[in-house]
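> Dropping a structure here in structure tokens format, bear with me for questions.
The values are calculated or read from the model by the stated rules, or taken from the named source; none is laboratory data. None of the values given here were measured: they were computed from a predicted structure. When we count neighbours, we look across all protein chains shown, and the Cβ atoms used for this are built from the backbone with ideal geometry, even at glycine. To get the accessible areas, we keep the full protein, side chains included, count just its heavy atoms, and leave off ligands, DNA and RNA. Shrake-Rupley method; radii C 1.70, N 1.55, O 1.52, S 1.80 Å.
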Amino acid sequence: MAQTQATTIKAEPLTSIERYCRQEGDTASLAKQLATSFAYFLTQQPRSHLNISLEGNLGAGKTTFTRYLIQAMGHQGKVKSPTYTLCELYPLQLQQQDITVHHFDLYRMRDPLEWQEAGFAEYFDVPGLCLIEWPEKAEGTLPAFDIQIQLSAGADENERTIKISALSESGLAALKDIELK
Ligand SMILES: Nc1ncnc2c1ncn2[C@@H]1O[C@H](COP(=O)(O)OP(=O)(O)OP(=O)(O)O)[C@@H](O)[C@H]1O
Ligand SMILES: [Mg+2]
């Protein structure tokens, strides 16, 4: 099977944080830090919404990172890969505020607009997060992203480099609590 290569969303980042993760536990720690920062943003700015792209080749760790993030935001059950359903929803409470995390995987879309036909457009107005694996399959038809997360593998099978970029003022505010290095 030909390896599918991920492409990059083109937008000039306002800021970027790049972290080397030697093992999966480091990825989990970074996801946890991000969850804390997002939770702060979403509770300080009630009814706000962040659009987040997850980029990287097959097996880069997009679902793994998202799983740690959603669990760190308070979800207690499993986080299934949305490979076949295209989208999984996680209703959560942050300090008595209802938010929803939508986790998309658009890899299997046969048409760039299939996400709209499936009725997903309204999810982009719901307070909370939309986290989107394989956004490039929608060929630029998605609403603008606030944050871009790029994962890439290293020489060792457990090594990853994770780059988190703010693409909007909201994205910048939502990353405020992450230590910039
Ligand atoms: N440092 C690490 N960070 C994240 N995942 C890691 C790390 N080291 C090893 N892994 C493993 O790599 C695999 C990543 O798979 P995952 O399904 O998350 O990738 P993906 O990017 O979502 O792939 P796909 O494009 O097929 O959806 C998992 O089995 C995970 O346990
Ligand atoms: Mg995945």
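> Consider ALA35 carefully, then state whether it is at pLDDT 95 or above, of a type in the set (A, V, I, L, M), open to solvent by less than 10 Å² (accessible area, probe 1.4 Å) and within 13 Å of ligand 2 (Cβ to nearest atom).
no
> A further question on this structure: In the range 116-134, how many are away from ligand 2 (no atom under 16 Å from the Cβ) and over 17 Å from HIS75 (Cβ atoms)?
Qualifying residue count, the range 116-134: 9.
Residue-wise test of (1) exposed (fewer than 14 other Cβ atoms within 10 Å of the Cβ); (2) touching a residue at least 60 places away in the same chain (Cβ under 8 Å); (3) on the phi > 0 side of the Ramachandran plot; (4) acidic (Asp, Glu).
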residue: SER81; (1), (2), (3), (4): no, no, no, no
residue: THR85; (1), (2), (3), (4): no, no, no, no
residue: GLN93; (1), (2), (3), (4): yes, no, no, no
residue: HIS103; (1), (2), (3), (4): no, no, no, no
residue: LEU106; (1), (2), (3), (4): no, no, no, no
residue: MET109; (1), (2), (3), (4): no, no, no, no
residue: TRP115; (1), (2), (3), (4): no, no, no, no
residue: GLY119; (1), (2), (3), (4): yes, no, yes, no
residue: GLU122; (1), (2), (3), (4): yes, no, no, yes
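> Moving on. Need pairs with beta-carbon distance below 7 Å; first residue touching a residue at least 40 places away in the same chain (Cβ under 8 Å) and within the range 25-41, second assigned to a helix (DSSP H, G or I) and not hydrophobic (A, V, I, L, M, F, W, C); sequence gap 6+ or separate chains.
Here the result reads THR27/THR64; THR27/TYR68; ALA28/TYR68; ALA31/TYR68; LYS32/TYR68, each pair linking the range 25-41 to a residue that is assigned to a helix (DSSP H, G or I) and not hydrophobic (A, V, I, L, M, F, W, C).
> Here are some residues: GLU157, GLU136. Which one is within 15 Å of GLY56 (Cβ to Cβ), in contact (Cβ under 8 Å) with a residue 24 or more places away in the chain and of a type in the set (Asp, Glu)?
Residue meeting the stated conditions: GLU136.
> On to the next question. What about ALA138, is it among the aliphatic types (A, V, I, L, M) and surrounded by fewer than 15 Cβ atoms within 10 Å (Cβ to Cβ)?
For ALA138, the condition - among the aliphatic types (A, V, I, L, M) and surrounded by fewer than 15 Cβ atoms within 10 Å (Cβ to Cβ) - is not met.
> Considering only the range 58-79, state which residues are crowded, with 18+ Cβ neighbours inside 10 Å and either closer than 15 Å to SER37 by Cβ or near ligand 1 (Cβ under 7 Å from one of its atoms) (or both).
If the condition is that a residue be crowded, with 18+ Cβ neighbours inside 10 Å and either closer than 15 Å to SER37 by Cβ or near ligand 1 (Cβ under 7 Å from one of its atoms) (or both), then ALA60, GLY61, LYS62, THR63, THR64, PHE65, TYR68, LEU69, ILE70, ALA72, MET73 are the ones that fit.
> Next up: Out of the residues in the range 39-57 that are over 25 Å from ALA138 (Cα atoms) and in contact with a strand residue (DSSP E or B) (Cβ under 8 Å, 6 or more places away or on another chain), state the one that is surrounded by the most Cβ atoms within 10 Å (Cβ to Cβ).
LEU42
> Looking at this structure, is GLY25 exposed (fewer than 14 other Cβ atoms within 10 Å of the Cβ), of a type in the set (Gly, Ala, Ser) and part of a loop (DSSP other than H, G, I, E, B)?
no
> Now a separate question. Within the range 91-119, count every residue that is under 21 Å from LEU58 (Cβ atoms) and not charged (D, E, K, R).
Going through the range 91-119 one residue at a time, the tally reaches 7.
> Which of (1) in a helix (DSSP H, G or I); (2) in contact with an Asp or Glu (Cβ under 8 Å, 6 or more places away or on another chain); (3) more than 7 Å from ligand 1 (Cβ to nearest atom) does ILE52 not meet, given it meets every other one?
If we test ILE52 against (1) in a helix (DSSP H, G or I); (2) in contact with an Asp or Glu (Cβ under 8 Å, 6 or more places away or on another chain); (3) more than 7 Å from ligand 1 (Cβ to nearest atom), just (1) comes out false.
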